[in-house]
Amino acid sequence: MTDAPDDDRTSFADLGLRPELLRALSGLGYEEPTPIQREAIGPLTEGRDLLGQAATGTGKTAAFALPVLERLAQVEKRGDAPFALVLVPTRELAVQVSEAVHRYGRELGARVLPIYGGQPIGRQLRVLERGVDVVVATPGRAVDHLGRGTMNLENLQIVVLDEADEMLDMGFAEDLDTILAETPEKRQTVLFSATMPPRIDKLARQHLKDPARITINQERTEPGEAPRVRQVAYVVPRAHKPAALGRVLDVEAPTAAIVFCRTRDEVDQLTETLNGRGYRAESLHGGISQEQRDRVMARLRNGTADLLVATDVAARGLDVEQLTHVVNYNVPSAPESYVHRIGRVGRAGREGVAITLAEPREHGMLKTIERVTKQRITMEKVPTVADLRARRLELTRAALHESLLEDELEGFRVVVESLSDEFDVMEVALAAVKLAHEASGAAADEEEIPEVAHRSDRSRGGAGGPGGDGQRRERRVRPPTAGMTRLFVGAGRSSGIRPQDIVGAIAGEARLQGRDIGAIEITDRFSLVEVPESSAQHVITALRGATMKGRKVTVRRERDGQR
């Protein structure tokens, strides 16, 4: 078994691909192969079977599509029957893979056909009759064509099982056996899976011969760097979960998000709740027709919807480029499901957020997921009403800042000048900000969500000695120590900030001794630190041009209700 090499200088040309494919990749803006592509393309081009483990979004499609096309180009005379068959779990993935193979193989004249349910079978029959090189199919529709005798696999050279664990989870095991039994004994077989449970190992032993084995480990975060996918969880009583989800989404402000639920009823009820909070949410589950599904996905991709509430099965195979957040409304019952869900964000170098709402009884399941995935899930406190107000004020400030930079404001000068004869300009500005804030539609949310004690409070980052959850909660709400002032630092855990970073910055820039610095509290988005009242302004001034973790941060006195 091999891991990805550290040498990032490998190019696609180094992998021995023909000029037509190199030109296609260059035209698409591909600069260098991903780890799975570097490892897989060589063995596949040589005709070896391959068993690959890599998460969604690591470049698996090109890893198998390019060798398929390389080998296809070596065929002197192409027949009408398929040269390669790619099996995928969902119609969305069938379309995506088909489009990718077509783009890569355009100069080679590759004939590619996606086959899936929900599409008129007549068109598929006509294309199959004319001849096709690569068929990308869902297992059910592939079995359909085999039963009709409309897809001949006798001359097939390559079979690819993409996202094999998903296909088994969806109940396609028998269909896969049926399809593979119709293929030649001497075919090349490729299996890719994000996870490797025993059933995948069994499938590989049955159908692969002496495969090359490749495991692409999840990218490790360098010390001090923020992870590409920020994973957080909130422990919330069941009755408060809808309100907690709305609160978290209000603070996170995702560009687009998928919220995973367990049942159709839960999807429908939560969609209605979120729409009531002003979100543009859409439902996706097994009770929705294919036509409705296509409309929902189109609205999500073109930005007329920003939240998709879905069941696992309905959301399989979806790839939404602008997705920034994935939310587990319940803790997934299996670590494999968690891996698949969070793999939808943080792709192609983009940052993403994976959020899990756990009921108190589900805390142990989170620990199991952490242990199996070897990834840390940070426990957070549900944002308070004060947090939400602060976030909404920040959004209003950002909107005003953008207007000051970009809008033509001269036409409004007469209003300000006439009012400034009667009021101070600062009062005029405050009234204008109030109107802008209220006009933004920020809904009142005064319900405080009760905090649930849980075993692990390790992520809170507070300074001071050991103590139980009750002690920590008490410490978070107490006033500053006598003679001390609490300062707000505009960076927190998501920026990699630790207590020693704050102490180091203050000691280094403001020349305070470490023992002079009081309690430190680090949340995901900001930090609070106590300093002597007599030194507060000096610290603020000294840190104005300083950096923490390579970035400048805002430092000011804590405001009432900052938490």
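The values are calculated or read from the model by the stated rules, or taken from the named source; none is laboratory data. Since the structure is predicted, the reported quantities are computational estimates derived from the model, not experimental observations. Positions of Cβ are generated from backbone atoms using ideal geometry, with glycine treated the same way; all protein chains shown enter the neighbour counts. Calculation scope for accessible area: heavy atoms of the full protein, side chains included, ligands and nucleic acids excluded. Shrake-Rupley method; radii C 1.70, N 1.55, O 1.52, S 1.80 Å.
Restricting to the chain, compute how many DSSP beta bridges are antiparallel as a %, nearest 5.
Here the share of antiparallel DSSP bridges comes out near 20 percent.
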Report task. Compare the peptides 418-425, 17-24, 323-330, 36-43 by average per-residue count of other Cβ atoms within 10 angstrom and give them in order, highest first. Result -> 36-43, 323-330, 17-24, 418-425
Query raised in the report: Using a 1.4 Å probe, what is the accessible area per residue for the chain, in Å²?
Result: 49
Query raised in the report: How would you order 547-559, 393-405 from highest to lowest mean count of nearby Cβ atoms within 10 Å?
Result: 547-559, 393-405
Report summary line: Highest mean packing first, using Cβ neighbours within 10 angstrom, the peptides 303-311, 183-191 sort as 303-311, 183-191
**Report entry** Reach of K60 by Cα under 24 Å, taken over lysines that are not fewer than 8 positions away in the same chain
**Finding:** K186, K202, K209, K374
Report task. Show that you can apply the helix-only estimate: for the chain, add -39,500 (n - 2.57) for every DSSP H stretch of four or more residues, divide by all residues, and state [θ] at 222 nm to the nearest 500. Result -> -12000 deg cm²/dmol
Query - Cα pair distances exceeding 47 angstrom across the chain, given as percent - result: 25
